[in-house]
Amino acid sequence: NSPVTSARWHRKGDYFVTVSPRAGAASVLIHQLSKATSQQPFGKAKGGETQLACFHPRKPFLFVATKEHVRVYHLVKQTMVKRLMSGCRHISTIDVHASGDHVIVGSLDRRLVWFDLDLAGTPYRTLKYHERALRSVGFHTKYPLMASASDDGTVHVFHSMVYSDLMRNPLIVPVKVLRGHGGGTGKSGGLGALAMVW
């Protein structure tokens, strides 16, 4: 009876994945809404306490984040495809680009880490624009935009262009800082912008 801390939908809308960090082997469950069924993709807990999970937009891949790493699993073959080393102390949020080739994670130690899945398992870019913990990150599904929300009460918006030419690196440019979302030591208890959605 461990509490669920994260739930994410698949783009097609029939599946969603839930995470319950203290549930051991059942910490990650995949649910199919149309059939009202649930599956446990892992027979045992793998590599530390699971924090988050989300689907690849096009391939049968599942991204599973522990405090420090993101593992990419092939759901059909039931194998690990890649391990992403974040360099963070505690991953708090994750999102996958619509192309499926790029992943961003945010952490409680103020980092926004961008991974290019066509490159190594180390970050393509690490950004530290926020003064406090990141609570939410996300790519826009249509436009070349990305944003991050933090306990410092700000939401940072970036132009994040991903090119179809694999020889060109993604372009990341700060665009706007949205302020006034709490934060600090006021009534919110030090919490700021807890979530953002495009």
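With the simple spin-label model, which puts each label point 7 Å out from Cα in the Cβ direction, the residue 82 to residue 166 separation comes to 1.1 nm. Across the chain, the relative contact order, built from alpha-carbon pairs under 8 Å that are at least six residues apart, equals 11 percent. Taking the alpha-carbon centroid of each part, what is the distance from the stretch 1-75 to the stretch 139-161 in angstrom? Using only Cα atoms, the two centres lie 24 Å from each other.
Could you check how much of the accessible area of the stretch 63-122 is carbon and sulfur, as a whole percent, using a 1.4 Å probe? Summing carbon and sulfur atoms, their accessible area is 48 percent of the total for the stretch 63-122.
Summed over the residues of the chain and divided among them, the accessible surface reaches 54 Å² per residue at a probe radius of 1.4 Å. Normalising the Debye intensity of the chain to I(0), with uniform scatterers on Cα atoms only, and taking log10 at q = 0.08 Å⁻¹ returns -0.26. Placing +1 on each Lys and Arg Cβ and -1 on each Asp and Glu Cβ, with no other charges, gives the chain a dipole about its Cα centre of roughly 260 debye.
Each Cα pair under 8 Å and six or more residues apart adds its separation to the average, and for the stretch 46-87 the resulting relative contact order is 28 percent. In this structure, the pairs whose alpha-carbon distance is over 29 Å, taken from 35/77; 12/128; 67/128; 44/128; 12/82, are 12/128; 44/128.
The values are calculated or read from the model by the stated rules, or taken from the named source; none is laboratory data. Every value quoted in this text rests on a predicted model; they were computed, and no experiment measured them. When we count neighbours, we look across all protein chains shown, and the Cβ atoms used for this are built from the backbone with ideal geometry, even at glycine. Heads up: the accessible areas ignore ligands, DNA and RNA and are worked out on the full protein's heavy atoms, side chains in. Shrake-Rupley method; radii C 1.70, N 1.55, O 1.52, S 1.80 Å.
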